[in-house]
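The values are calculated or read from the model by the stated rules, or taken from the named source; none is laboratory data. What you see is a predicted model, and the numbers here were worked out from it, not measured in a lab. Cβ atoms come from the backbone with ideal geometry, glycine included; neighbour counts cover every protein chain shown. To get the accessible areas, we keep the full protein, side chains included, count just its heavy atoms, and leave off ligands, DNA and RNA. Shrake-Rupley method; radii C 1.70, N 1.55, O 1.52, S 1.80 Å.
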Amino acid sequence: MARKRSLWRDVRKDWRLYSLLALPLIYLVIFKYLPMAGNIIAFRRFRPGGSMFGEDWVGLRYIVMFMEDPAFWRVFTNTIVLGVLSLAIVFPMPIILALLLNEVRKSWFKRFVQTVSYLPHFMSIVIVAGMVMQLVSLNGTVNSVIGAFGVEPINFIQQAGWFRTLYVSSEVWQTVGWGTILYLAALTQVDSQLYEAATIDGANRWKQTLYVTLPGITPTMVTLLILNIGTFMAVGFEKILLLYNPLTYETADVIATYLFRVGLVSNNFSYATAIGLFESVIGLTLVLSANWISRRVVGASLW
């Protein structure tokens, strides 16, 4: 009771600050929590014009349908592959760039690189996808460059084998600068006395980075890694939807895009909800597992 009274006292004292939470909380309730009630139609047959919570109870029928669907292993494998590539290639890039910029002594050059690198983050995904398609089109910049060396033009957009390369490359270009800002902020919190002590002990710049800098930003790295694992199954749905086409389904079609076609294109809402619930459960499991492993191994976690 004393704890509740203390909280109420704090709210009354700083009500202006707490009032700033009102709009974000209302947004979360309306657009994040209330829609969860619609997950019930993953277990009920929904008919247009009928009850919004479905008509007949079908249990796990739609989940089983999805797992027995011939497209299941294709979209599941593509989701895992793109998710792993994003974690293995895209995630470390901001860390590497931040460490490199931390060693730069020319402030004007550092500011220039930062500005150029994080500008793509402020472009909409539609613009980024359009630029990618223009660059790799048959008459685009990439084919013009390789054509100068006598190489035949490559139809990157319509070849399934090139999709993952295009997706991962565009993700690095769009996100590396923005992620760098977070790590540069974390680097400012590393105690400078640790570098001085390492220098006295004879540590060079590489060893200082390895034994001082990286441990100093480990909590930030772990937090962002867990958040990235949370979106592992989503793998940039909007960008994939804009870049892929039927010719690249073999490597580009993921669970989120398959769900979009089933739900909004084919109007099979119960089936699409079951797929989305399946995806969400896997994502939640990955986050909880990553948080538990991080807490046990590294000693840092989200909660």
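A few notes on this one:
- Largest mean-square fluctuation among Val132, Val75, Val142, in a Gaussian network model of the chain whose springs join Cα atoms under 10 Å apart, belongs to Val142.
- Set of region 207-241 residues, backbone N closer than 15 Å to the point 7 Å along the Cα-Cβ line of Met133: 238-241
- With R₀ set to 35 Å, the beta-carbon distance separating Leu214 from Ser124 gives a calculated FRET efficiency near 0.55.
- Per-atom-type breakdown for the chain gives carbon and sulfur 67% of the accessible area (1.4 Å probe, protein chains only).
- Given charges at Cβ of Lys, Arg, Asp, Glu: the chain dipole, positive-most of Ala160, Val298, Val113: Val298
- Across Phe269, Phe31, the residue with the most accessible area heads the list, and the full order at a 1.4 Å probe is Phe31, Phe269.
- Of Ile200, Ile293, Ile95, the residue with the largest accessible area leads and the full order is Ile200, Ile293, Ile95 (1.4 Å probe).
- Distant-in-sequence amide H partners of Arg44 (H built 1.01 Å from N, under 5 Å): Val58
- In the elastic network of the chain, a GNM with C-alpha springs shorter than 10 Å, the most mobile of Leu241, Leu99, Leu60 is Leu60.
- Residue with peak Gaussian network fluctuation, the chain [Cα springs, cutoff 10 Å], from Tyr183, Tyr249, Tyr195: Tyr195
- Leading residue at positive end of dipole, region 54-179 (Cβ point charges), from Gly150, Val136, Leu82: Gly150
- For Lys32 and Phe149, a Förster radius of 45 Å and the Cβ-Cβ distance give a FRET efficiency of 0.30, rounded to the nearest 0.05.
- Summed over the residues of region 91-248 and divided among them, the accessible surface reaches 57 Å² per residue at a probe radius of 1.4 Å.
- Its DSSP H runs of at least 4 residues, each contributing -39,500 (n - 2.57), put the calculated 222 nm mean residue ellipticity of the chain at -19000 deg cm²/dmol, to the nearest 500.
- In region 44-94, the alpha-carbon atoms span a convex hull of 126 Å³ per residue.
- The distance from the alpha carbon centre of region 261-298 to that of region 61-83 is 12 Å, rounded to a whole number.
- Compactness check for the chain: Cα Rg over 2.2 N^0.38 Å is 1.25.
- Given the chain, longest segment not containing exposed loop trypsin sites (Lys or Arg not before Pro) (DSSP; at most 15 other Cβ within 10 Å): 107-303
- Checking the cross-link pairs Lys32/Lys239; Lys110/Lys207; Lys32/Lys110 against a 30 Å limit on the alpha carbon distance flags Lys32/Lys110 as lying beyond it.
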